[in-house]
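Here's the structure we're looking at; comments come further down.
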Amino acid sequence: MRLLIRTTAIIAALSIGVPTLADTPTPARGTLASPKKLAEQARSEISEITSAELEALLKKEASPLLVDVRTEREYQAGHLRGATWIPRGKLEFAIVKLEAESDRDIVLYCRTGGRAALSAKALQDLGYSNVKSLEGGFKQWVEDGNSIFNQHGEIRVVEFEAREEE
C-alpha cells in the first residue's frame, strides 16, 4: 500500500511539473569549495579589526557586543573579557534574541578568524550593519599578549623565553 502511495505521489509530481529528487542536478566532481576559500571570500566582504584596535574599542564607554563563536569547550578554556558565547551553528537564531538593534557594534571572534568571518558575513546578510571580525582570532589576541578569562579568572600571557644579560 505504501509503495502505491509513493508511486502515485511521484507520478502526480511529475505530471504537474513539481521538481523531484531525480531532477536535482548533482555537482560535478571536484567543484566543492573548501572551507578556507569560503572564509577568504567572506573576509573580502566584511570588516576586520586587529587585536590592538579591539583592545582600544573595549576600553571605551560604549563597547561593542563581543561574541565568541567557537565551541563551548573552547570558550570554557578561555575567552575575551565580556564575551558572549554563541556557537557558530546557532548564531543567526540567537543573535536576534540578544541584539535587536541592527546598527549595534558587534565584534566576532573564533580561534583563527575563519568561523568569525563566515559569522560576520551571515550577520551582514541578516541586516546588521556594524559587524567586524577579529583578525587572526583568539590565537592572535593571545599572541599579542592580551589577557583571557575563564572560570578561574584572568589568565595573563607570560613570555618564557630566556633572556641573556649583557
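Of note:
- Condition met for PHE138 (surrounded by fewer than 20 Cβ atoms within 10 Å (Cβ to Cβ), in contact with a Lys or Arg (Cβ under 8 Å, 6 or more places away or on another chain) and not hydroxyl-bearing (Ser, Thr, Tyr)): no
Rundown of residues vs (1) of a type in the set (Ser, Thr, Tyr); (2) without any contact (Cβ under 8 Å) to a residue 60 or more places away in the chain; (3) assigned to a loop (DSSP other than H, G, I, E, B), yes/no style:
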| position | (1), (2), (3) |
| --- | --- |
| GLU55 | no, no, no |
| GLU61 | no, yes, yes |
| LEU66 | no, yes, no |
| GLN76 | no, no, no |
| GLU92 | no, yes, no |
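- Of all residues in the stretch 58-102 being of a type in the set (A, V, I, L, M) and closer than 15 Å to THR112 by Cα, the one that is surrounded by the fewest Cβ atoms within 10 Å (Cβ to Cβ): LEU80
- Residues of the stretch 149-165 include none that is at pLDDT 95 or above, of a type in the set (D, E, K, R) and over 26 Å from GLU61 (Cβ atoms).
- Filter result for SER133 (of a type outside the set (A, V, I, L, M, F, W, C), touching a residue at least 24 places away in the same chain (Cβ under 8 Å) and not in a loop (DSSP other than H, G, I, E, B)): yes
- Here is the figure for the stretch 47-62: residues that are β-branched (Val, Ile, Thr) and either within 19 Å of THR84 (Cβ to Cβ) or touching a Cys at 6+ places or on another chain (Cβ under 8 Å) (or both) total 1.
- Cross-chain or 6+ apart pairs with Cβ under 6 Å, the stretch 96-118 first and touching a residue at least 40 places away in the same chain (Cβ under 8 Å), then among the polar types (S, T, N, Q) and surrounded by fewer than 19 Cβ atoms within 10 Å (Cβ to Cβ): ASP105/ASN130
- Comparison of VAL107, VAL96 shows that the only residue that is β-branched (Val, Ile, Thr), outside any loop (DSSP other than H, G, I, E, B) and at pLDDT below 95 is VAL96.
The values are calculated or read from the model by the stated rules, or taken from the named source; none is laboratory data. Note that this is a predicted model, so its numbers are computed, not measured. Reconstructed Cβ throughout: ideal geometry from the backbone, glycine too, with neighbour counts over all protein chains shown.
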